[in-house]
Amino acid sequence: MRKLFFTLFFSCCVLLVSSGKIQAQLLVETGLSPEDLAAILVGEGVDVFNVTTTCPENAFGSFSGESSNLGLSDGIILTSGDAEGAQGPNNIGSFTGTDGGWAGDTDLDAILPGFTTNDACVLEFDFIPYADNLSFNYVFGSEEYLEWVGSSFNDVFAFFITGPEYPTLTNIALVPGTTLPVAIDNVNTYSFPEYFVDNGDGLYPDPESTVQYDGFTTVLTAEAAVTPCEVYHLKIAIADAGDSAYDSGVFLEAGSLGTNFVVVTAEAVSVTVAGFNSAVEGCVDGVITFESTTPVSSDFNISFDLAG
């Protein structure tokens, strides 16, 4: 009887332990090259070249967060300090930071009047789009949340584009429906709270949190109208503003830098020659298929020429 009771009790313990919720942590890998970052970020319908970074190697890297509370499964991260410091759980009270001591960015200074930036991390490259709309997904997070909102600290980042439609540097990373850059003072529990995730203060560690930052945005999308086959320049920049201590980071989703790219295929409906599967004008009936590589929310026109 004792043996039977022990077996049942042990089984119950195993069931109780296994029923606990297991949350995977955010993982960050540094030591990547600028070209590595671009290769992870770029999706369909875009060619990228002349890739450079301006910041120490430990300030950027790749991340994996498929089961995290970040909202993005994987991609690249740029920070104003140590990229690996973004890894959760949030168990440090508001002071995960690296006073890097490197320079800020004058373009970020210009979109944030009254603040001077420090410890900027910049990824830049030229690109050629093959459709008329460019977009990518991102999340901005920081250790400055929430206690430094409205203070002399106001970390910021931007996606600056230049090209045929953008003769001057234009920031396309904006609070949705506004012209405001995404910064500590612009997105928080008081300002546009629908785009903010409160991740705790770190003083009372939350084992369910997977990111060290005290707060971060929901997944946002940067978009720009572009002309197919023209050359553009993109500058992705993040920096401390007003201080050099509290780190911030921007996460960009892997493969999300792309266009509403359309793949065109053609095949014959009926042929008499074995192995011949092309649509030929005036010879056999054919089917031409236009397939978008990304979901579209509304109808759009496609212009094409038939020749042969």
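Name the strands (runs of 3 or more DSSP E) wholly within the stretch 62-163 that hold at least 2 residues that are farther than 23 Å from GLY255 by Cα and in contact (Cβ under 8 Å) with a residue 12 or more places away in the chain?
Details: elements: 74-79, 117-129, 133-142, 156-163.
Filter on the stretch 62-163 gives 117-129.
Would you mention how many residues in the stretch 247-273 are modelled with pLDDT under 70 and surrounded by 19 or more Cβ atoms within 10 Å (Cβ to Cβ)?
Filtering the stretch 247-273 for residues modelled with pLDDT under 70 gives 261-264, 268-273.
Add one more test, that the residue is surrounded by 19 or more Cβ atoms within 10 Å (Cβ to Cβ), and what stays is 262.
Counting residues in the stretch 247-273 that are modelled with pLDDT under 70 and surrounded by 19 or more Cβ atoms within 10 Å (Cβ to Cβ) gives 1.
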Point to revise | Those residues of the stretch 131-149 which are among the aromatic types (Phe, Trp, Tyr) and open to solvent by less than 40 Å² (accessible area, probe 1.4 Å), in sequence order | key: PHE136, TYR138, PHE140, TYR145
Review point. Among the residues of the stretch 223-246 satisfying the criterion of being farther than 21 Å from PRO129 by Cβ and open to solvent by less than 10 Å² (accessible area, probe 1.4 Å), which is nearest to the chain's Cα centre (by Cα)?
Key: ILE238
Study note, to complete from the structure: Counted residues in the stretch 175-194 being buried (at least 18 other Cβ atoms within 10 Å of the Cβ) and either touching a Phe, Trp or Tyr at 6+ places or on another chain (Cβ under 6 Å) or under 23 Å from PHE63 (Cβ atoms) (or both) come to 6
Exercise for review: May I ask you to list the residues in the stretch 52-68 that are crowded, with 19+ Cβ neighbours inside 10 Å and touching a Phe, Trp or Tyr at 6+ places or on another chain (Cβ under 9 Å)?
Suggested key: THR53, CYS55, ALA59, PHE63, GLY65
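The values are calculated or read from the model by the stated rules, or taken from the named source; none is laboratory data. Predicted, not measured: the structure shown is a model, and the values here were computed from it. Glycine also receives a Cβ, built like all others from the backbone with ideal geometry; neighbour counts cover every protein chain displayed. All accessible areas refer to the heavy atoms of the entire protein, side chains included, with ligands and DNA or RNA removed. Shrake-Rupley method; radii C 1.70, N 1.55, O 1.52, S 1.80 Å.
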